[in-house]
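Here is the structure we will look at.
The values are calculated or read from the model by the stated rules, or taken from the named source; none is laboratory data. What you see is a predicted model; the values in this text were computed from it and never measured. Note that each Cβ is placed from the backbone with ideal geometry, even for glycine, and that neighbours are counted across all protein chains shown.
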């Protein structure tokens, strides 16, 4: 018994030391998301987090293509993004006006970027377009339910389909095993939301689409390994590069999108999220890119999202094994108090206020 207690104590001490070193940044991994000289596409890039992502990518040396519908906003955003370039003489910037809810438009985006990029596919594609419509489910028009799924799920799914069909074609030039191994992977990134981890009254039109995005990312992460494995075994016949899939789950961001969301948001939803941490566009974008640089797959941008993620990991790979394990132990205890509190707030609101019933 004493020997068992000794080894348990040693294990705990080692665990805490490694966790502390990780938190303090002493265990610095290599940069898994080096975009210097790479071509990056960001949908929803004319405002909000998308515009902030474009600026940060430009600062890191990327050639940036932003996609949205409004040309005037795109032109202003591109000027803002290009002004942050690391090397103004080498970097290139471009915008594409497109409706990403249409499958054919996503095909056009990939083809136009490839043509603009001297016949080369983009190195990184970030499906960031989206927007929340917050309302109680029975008060939401059915056409808005569909439009929320179109914008927040199908837009990313269509872009993933078009991008992967481009990336996974046989390479145009034959590669040796050594050359194939030296090629940096391509990255397809999906912006989901913390609402994929927890259900809240008022997000029923929006949360299902974001939850579907997380499931899509999980599935694609598994599927691309099929092609990555084939490429490694058959470098002369396989795709030009491995593919990595990532899913980013920001929380509340101060942005034009939030202002629009708040126009219909029920009062009870405001109460449920009144204590949630909020981030600026730059803060959320910075956290997302840092998570990619650390090699993360399911990436959060603030502490609350990190805790929610830890409690929902299941078979998802851990970004930081020790910290994720500690959070996974802690989260069920937190939920013992958080869940009754959230449900109680909704119940009390219904008890004290007039609730509109369907006629």
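Among the residues of the range 195-222, which ones are under 16 Å from residue 245 (Cβ atoms) and free of Cβ contacts under 8 Å to residues at least 24 places away in the same chain?
Within the range 195-222, 215, 219, 222 qualify.
If I ask for residues that are assigned to a helix (DSSP H, G or I), under 17 Å from residue 246 (Cβ atoms) and out of contact with any helix residue (DSSP H, G or I) (no Cβ under 6 Å at 6 or more places or on another chain), which ones from the range 262-317 would you list?
Listed by number, the residues that qualify are 286, 287, 288, 290, 291, 292, 293, 306, 309.
Would you mind stating whether residue 149 is under 23 Å from residue 204 (Cα atoms), at pLDDT 95 or above, in contact with a helix residue (DSSP H, G or I) (Cβ under 7 Å, 6 or more places away or on another chain) and assigned to a helix (DSSP H, G or I)?
Criteria met by residue 149.
In the range 219-255, what residues are in contact with a helix residue (DSSP H, G or I) (Cβ under 6 Å, 6 or more places away or on another chain) and either assigned to a helix (DSSP H, G or I) or closer than 14 Å to residue 169 by Cα (or both)?
Within the range 219-255, 235, 238, 239, 242, 243 qualify.
Taking residue 181, is it surrounded by fewer than 20 Cβ atoms within 10 Å (Cβ to Cβ) and part of a loop (DSSP other than H, G, I, E, B)?
In short, no.
So which of 42, 113, 65 ends up being out of contact with any helix residue (DSSP H, G or I) (no Cβ under 9 Å at 6 or more places or on another chain) and surrounded by 23 or more Cβ atoms within 10 Å (Cβ to Cβ)?
Just one listed residue meets the conditions, 113.
Would you call residue 190 in contact (Cβ under 8 Å) with a residue 60 or more places away in the chain, buried (at least 21 other Cβ atoms within 10 Å of the Cβ) and either touching a strand residue (DSSP E or B) at 6+ places or on another chain (Cβ under 7 Å) or not in a loop (DSSP other than H, G, I, E, B) (or both)?
Yes, satisfied.
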